[in-house]
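Everything below concerns the one structure shown next.
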Protein chains: 4
Amino acid sequence: MKIGILSSGGDCPGINATIRGVGKTAINHYGMEVIGILNGFSGLLYKDVIELTDPSLSGILNLGGTILGTTREKVFRKMITSPDEKDREQIKKCYHELNLDGLVCIGGNGTQLTTWMLSQLGLNVVGIPKTIDNDVYGTDVTFGFDSAVNIATEAIDRLHSTASAHRRVMVIELMGHHAGWITLFAGMAGGADIILLPELGYDMEVILEKIKKRMEVGKAYSIVAVAEGIKIPKRKERPAIYFAREIEKQTGFETRETVLGYIQRGGSPSPYDRNLGTLFGGHAAQLIHEKKFGRMVANIRNEITDVPLKEVAGKLRLVTPDTPLVVQGKKMGISFGVR
Amino acid sequence: MKIGILSSGGDCPGINATIRGVGKTAINHYGMEVIGILNGFSGLLYKDVIELTDPSLSGILNLGGTILGTTREKVFRKMITSPDEKDREQIKKCYHELNLDGLVCIGGNGTQLTTWMLSQLGLNVVGIPKTIDNDVYGTDVTFGFDSAVNIATEAIDRLHSTASAHRRVMVIELMGHHAGWITLFAGMAGGADIILLPELGYDMEVILEKIKKRMEVGKAYSIVAVAEGIKIPKRKERPAIYFAREIEKQTGFETRETVLGYIQRGGSPSPYDRNLGTLFGGHAAQLIHEKKFGRMVANIRNEITDVPLKEVAGKLRLVTPDTPLVVQGKKMGISFGVR
Amino acid sequence: MKIGILSSGGDCPGINATIRGVGKTAINHYGMEVIGILNGFSGLLYKDVIELTDPSLSGILNLGGTILGTTREKVFRKMITSPDEKDREQIKKCYHELNLDGLVCIGGNGTQLTTWMLSQLGLNVVGIPKTIDNDVYGTDVTFGFDSAVNIATEAIDRLHSTASAHRRVMVIELMGHHAGWITLFAGMAGGADIILLPELGYDMEVILEKIKKRMEVGKAYSIVAVAEGIKIPKRKERPAIYFAREIEKQTGFETRETVLGYIQRGGSPSPYDRNLGTLFGGHAAQLIHEKKFGRMVANIRNEITDVPLKEVAGKLRLVTPDTPLVVQGKKMGISFGVR
Amino acid sequence: MKIGILSSGGDCPGINATIRGVGKTAINHYGMEVIGILNGFSGLLYKDVIELTDPSLSGILNLGGTILGTTREKVFRKMITSPDEKDREQIKKCYHELNLDGLVCIGGNGTQLTTWMLSQLGLNVVGIPKTIDNDVYGTDVTFGFDSAVNIATEAIDRLHSTASAHRRVMVIELMGHHAGWITLFAGMAGGADIILLPELGYDMEVILEKIKKRMEVGKAYSIVAVAEGIKIPKRKERPAIYFAREIEKQTGFETRETVLGYIQRGGSPSPYDRNLGTLFGGHAAQLIHEKKFGRMVANIRNEITDVPLKEVAGKLRLVTPDTPLVVQGKKMGISFGVR
């Protein structure tokens, strides 16, 4: 059997661990031939590939980024959805010219949708969910999330001393366009006093009350963690800048913002993410060996398993008011900006 | 309601996060009065306690160690098992003089056993599992484990460059008297070539073959991760020293050992452990509120729940050949020292 | 002898190590009595002080922030420069009511100026330079700088993987209103391709050329490190945002910005800063013991010494084209944005 | 001009930064041709070399280990000191067959001695000092030292919580066969209570007194940092094990040891070491360009300069009782184990 592996979408710690997991399992356990497809789905079109051997997969377990490169797959997806049958034939032709018996696609929500479309074209595909945002539907957790939470929490830890020295409010904006998972987990782990998530919305009065009350009872400072995807009046403004300005204006307390940005995506994956990527990769190789195509690898209730791409592709997994960490945070007196 | 919290047994990152989780939930959500019992069970006997308020629980979420202190509970447990009824009456007397409606005991296997014994004496107790070793029966994971795996993995990461520069074998000994969880998770995350666990045993021939074969195919070096609890001929010798000496003697390759030791127990807890401790603490407070005593908080299949102390106390959770990370490691060509 | 210690100005890793260095040396070696003055110079006016003993100084060596608190000293400095003699008498009165034989003031450029003014009022003062920016005149290095460079470099390290995965330009803005030291040191240590410093200015054409040339020769991405104090057309805009927008517009390459912000000030000091703070603190205690007042502790050519506040107060130490790291960077092909 | 670069001796963070510094300066500034000589001096004999270009030197700045490999140079040095003239001719022949105009040798004390011997054979050599131990004579600091101190200090930081939880004495053994620099700097930065250095010796009575006195005045625990090179009765025993056993036996306090070992050598260099390596590398390229051979690059009083190999080769730089950090430590009440 010959399989291909590709990574697509944004950078995320643990992609290389996952590629290694697929590759070493396929080669050493199933005796498969393995190629790496470069720069996401575009490498499939241009047949831009490299051979992957056991030695070539050594030493990448703890590397950030992806040895295969990645791109956004917009052009590629348009080919699939194009009314012109030729486009789809072109994709199939490329796939078959590579003599692939299976293709593992590592990526986030967009990639899982594209992978499902390829499955409908008759390609033997398996998806592996990857995103620091943890918002891929069908799996409880994606690799990259734990690493991002670690970086974000360390940043909040650092803000504590600075905030305390000056009796300040510090607003930190964390990644998450649709889902507030990073902000929830890092906010709780970092001891934020107010945690604002796109899914729960916010009431500015509640936020201001909380801050004033903290200052009244003598708390030296307040930390606000906010997800980048939260809706604010001006669409183009950074949420951290908006909230910092409003809080300072309406409470009179000195307020400063930090936008953590891309450093949440980079660097060496955490041990948790390396092991999750390794297990995901191994399971993908097994699915191909067993010819179970059209499925996405998943971690459900702490078990490595798989779900039909058909049922999960394109859907988002979001925080709800029932999410245990939200419920627990409320009990402890942490504000989520809503009554 | 008035509750007490104590920590017992070895140091472990996340105890303070857990104390905070119990205390802030009890105070802010359930309106309980909370005291901290100092130095483990001995503080119960000597009524050595401090009041815990919401402000006194601020700023400890990311601190290593325990603000309540801890001790080994041997003397205390002997009092419970003593044939002299007076000893048991003494314990009950102390508990009642503190006017406690509930007592939360944070500790490892030994502590859970003691907690269960207290339950049998009629005390209203709830246990929270704590150990870096992750070997508490009845829960899939304990706080402290993720932090220990992070430290151990970082150490293995560092050994890679040193080993590579000299074509060496590096043996690293990690904590785990009975259970190899840290060694398994850090070994896999750190890219160890050979992982030796107390539960699986080892065959020296298999180890030597693996090392020789790696050198034959041109791999520059080998990394061996071994749990301290593995059985070796001389009982008093350090496993790392034993394996390093044997490997060097029998393969001729320069071999060096590292015993990571107590630094695995110390320092700030990982975000994962902080959140796990927070959720565990909150659940313990809820159990006391609901008067569900004699139970241990647990994480089972990624859900925070609880189990009867009666069924779990004193039992160990160990690695088995079916543990997914072992199965996956074998598929990838990692040696567990057994055929 | 009785001495006071205060910290003033922005937060900076290593203040507590310095306070401990002054205090433990004063108490254990010189047998002095030591008090901590809270919240900067304002604590002097309000006689808001705490006693500092050897045990009270234990455990703070590696803590971020300052156990004494800090404030901006604007009000206080106005009192000194006020035409009304009463204000100055008030300050002297407070100082004498505290029965101080000497006062150690830990702070940045502003604080050193204030300290010098106090010296002119006849107070027995010694200054210790503190700033992450490393721009205090009269010393080669200040504590806090190494810690800030470590944090900034780690952030640049993380950007490499993210940039590489997408063939992007990443712009990172680092602290430094007047001086580019953090950006120079972290930029060089992080392997930035373009380093923009307030002291050297920039020519947008040079920057664009460099980026285009890198892409032409097949370099996958470019990293631009820019100090917050660099002059850009719109005064209120963030430099990172300005450069990212211009680069993307004028080269067509996808460009993203990161503003690292306050996390550069927080957290545990690096070992280097802890030792520098300890040595600075010890030297300050010695100066007071020797009644050498009106001086600032300094590190000059790697020796702990002191300089007259008169000669250094209020002056800035800036990067020049001759700074060795600039010269070396240019030789290696790194662009400083100027011809 | 054509130059060669080699690294020799033990692993040390910053070698790659230094190779990059030499190479990029030589190529981009001086227009030299550059080759890398593999596996230390043995690559010179076997003409085992690779071409180094600007792109091949990208991405290695923050990597641990050395892209050129390294070996102990014993065999090679014997050839130089052999009575047989042929051996020396062989070395010169190899050097000339590589058409080298200069050779940069990166290594510790042993390497500097070998480099000096090569100079006496008429080869155009320049040495760059490299060692985590910081004991190369002729330079105030070597790259690798700051990184090792960071790792060692972090380990001591971790021991504090564990020691405090149990009222323990913790003994940590750090690297340094001859010189106690790592132990001195990490011990001071980590807040060790007793610091034992090979250069100063120790009096067991002084150590025991200190520990007992700390416990008497209510200090919860004690931390002892000891350099591996300190002399103890049994030559083959680990100093940490010796001191832990003696302290426990003679004071009755529970005492545990940690031997940090090889992890002090591994991993990514600190920003300080990256910049020092970069500056050292650039200066070496300049020396070759200026045909100033037979010299070792050095950092003297914070200036990058160079010294004659003749005067420094084979000598050690050691801690003395006058070393500022020792003097300051004593003033603060830290014990160095001597009266």
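The values are calculated or read from the model by the stated rules, or taken from the named source; none is laboratory data. All of these numbers come straight from a predicted model, not from anything done at the bench. Cβ atoms come from the backbone with ideal geometry, glycine included; neighbour counts cover every protein chain shown.
Below, the figures for the structure above:
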quantity	calculated
Within the range A:286-314, considering residues that are at negative phi and over 21 Å from the mean Cα position of the chain (by Cα), the one surrounded by the fewest Cβ atoms within 10 Å (Cβ to Cβ)	A:GLU290
Residue identified as charged (D, E, K, R) and surrounded by fewer than 19 Cβ atoms within 10 Å (Cβ to Cβ) among B:GLU73, B:GLU85	B:GLU85
Selected residue (only one of C:ILE334, C:ILE288, C:ILE300, C:ILE232 is modelled with pLDDT of 95 or more and in contact with a Pro (Cβ under 6 Å, 6 or more places away or on another chain))	C:ILE232
Restricting the range A:106-155 to residues that are small (Gly, Ala, Ser) and not in a helix (DSSP H, G or I), the residue that is farthest from A:GLU51 (Cα to Cα)	A:GLY138
In the range D:221-246, residue farthest from D:LYS130 (Cα to Cα) [restricted to those that are away from chain B (no Cβ under 13 Å) and in a helix (DSSP H, G or I)]	D:GLU246
Qualifying helices (runs of 4 or more DSSP H) (wholly inside the range B:4-105; at least 2 residues being within 14 Å of chain D (Cβ to nearest Cβ) and out of contact with any Phe, Trp or Tyr (no Cβ under 7 Å at 6 or more places or on another chain))	B:15-28
Which listed residue is among the charged types (D, E, K, R) and within 23 Å of the chain's Cα centre (by Cα), from D:ARG256, D:ARG339, D:ARG274	D:ARG274
Selection from the range A:1-57 of residues that are buried (at least 21 other Cβ atoms within 10 Å of the Cβ) and hydroxyl-bearing (Ser, Thr, Tyr)	A:SER7, A:SER8, A:THR18, A:THR25
Residues of the range A:137-147 satisfying the condition of being at the interface with another protein chain (Cβ under 7 Å from one of its Cβ atoms) and in contact with a Lys or Arg (Cβ under 7 Å, 6 or more places away or on another chain)	A:ASP140
The range B:315-339 - residue that is facing chain A (nearest Cβ under 9 Å) and part of a helix (DSSP H, G or I) and, of those, surrounded by the fewest Cβ atoms within 10 Å (Cβ to Cβ)	B:VAL327
Residue satisfying condition, being β-branched (Val, Ile, Thr) and farther than 30 Å from C:PRO13 by Cα, within set A:ILE106, A:ILE172	A:ILE106
Residue list for the range B:58-77, filter: in contact with a helix residue (DSSP H, G or I) (Cβ under 7 Å, 6 or more places away or on another chain) and among the charged types (D, E, K, R)	B:GLU73, B:ARG77
Positions within the range B:177-194 being farther than 19 Å from D:LEU260 by Cβ, touching a Ser or Thr at 6+ places or on another chain (Cβ under 7 Å) and part of a loop (DSSP other than H, G, I, E, B), in sequence order	B:ASP193
Any hit, the range D:40-59, residues being closer than 17 Å to D:GLY107 by Cα, aliphatic (A, V, I, L, M) and in contact with a strand residue (DSSP E or B) (Cβ under 8 Å, 6 or more places away or on another chain)	yes
Which listed residue, of B:PHE280, B:PHE243, is buried (at least 22 other Cβ atoms within 10 Å of the Cβ), touching a Pro at 6+ places or on another chain (Cβ under 9 Å) and aromatic (Phe, Trp, Tyr)	B:PHE280
Hits in the range D:147-202 (condition: buried (at least 24 other Cβ atoms within 10 Å of the Cβ) and among the aromatic types (Phe, Trp, Tyr))	D:TRP181, D:PHE185
Tally of residues being within 8 Å of chain C (Cβ to nearest Cβ) and in contact (Cβ under 8 Å) with a residue 24 or more places away in the chain across the range A:164-195	3
In the range C:247-293, the residues that are under 21 Å from A:GLY261 (Cα atoms) and either more than 9 Å from every other protein chain (Cβ to nearest Cβ) or in a helix (DSSP H, G or I) (or both)	C:ILE247, C:GLU248, C:LYS249, C:PHE253, C:GLU254, C:THR255, C:GLY261, C:TYR262, C:ILE263, C:GLN264
Hits in the range A:113-159 - residues which are among the aromatic types (Phe, Trp, Tyr) and either touching a Ser or Thr at 6+ places or on another chain (Cβ under 7 Å) or free of Cβ contacts under 8 Å to residues at least 24 places away in the same chain (or both)	A:PHE143
Every residue from the range C:294-314 that is among the β-branched types (Val, Ile, Thr), more than 14 Å from chain D (Cβ to nearest Cβ) and either within 17 Å of C:GLU199 (Cα to Cα) or in a strand (DSSP E or B) (or both)	C:VAL307
Residue satisfying condition, being part of a helix (DSSP H, G or I), in contact with a strand residue (DSSP E or B) (Cβ under 9 Å, 6 or more places away or on another chain), surrounded by fewer than 24 Cβ atoms within 10 Å (Cβ to Cβ) and modelled with pLDDT of 95 or more, within set B:GLU205, B:GLU209	B:GLU209
Residue that is polar (S, T, N, Q) and within 10 Å of another protein chain (Cβ to nearest Cβ), where the choices are A:ASN134, A:ASN150	A:ASN150
Residue check, C:GLU33 assigned by TED's automatic domain parsing to the domain that holds C:LEU276, among the charged types (D, E, K, R) and closer than 30 Å to D:ALA192 by Cβ	yes
Meets criteria (without any contact (Cβ under 8 Å) to a residue 24 or more places away in the chain and either surrounded by 24 or more Cβ atoms within 10 Å (Cβ to Cβ) or assigned by TED's automatic domain parsing to the domain that holds C:MET296 (or both)) for C:ARG214	no
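Quick grid of which residues meet (1) within 30 Å of B:MET215 (Cβ to Cβ); (2) assigned by TED's automatic domain parsing to the domain that holds B:LYS212; (3) hydroxyl-bearing (Ser, Thr, Tyr):
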site	(1), (2), (3)
B:ARG245	yes, yes, no
B:GLU257	yes, yes, no
B:LEU260	yes, yes, no
B:ARG274	no, no, no
B:MET296	no, no, no
B:VAL326	yes, no, no
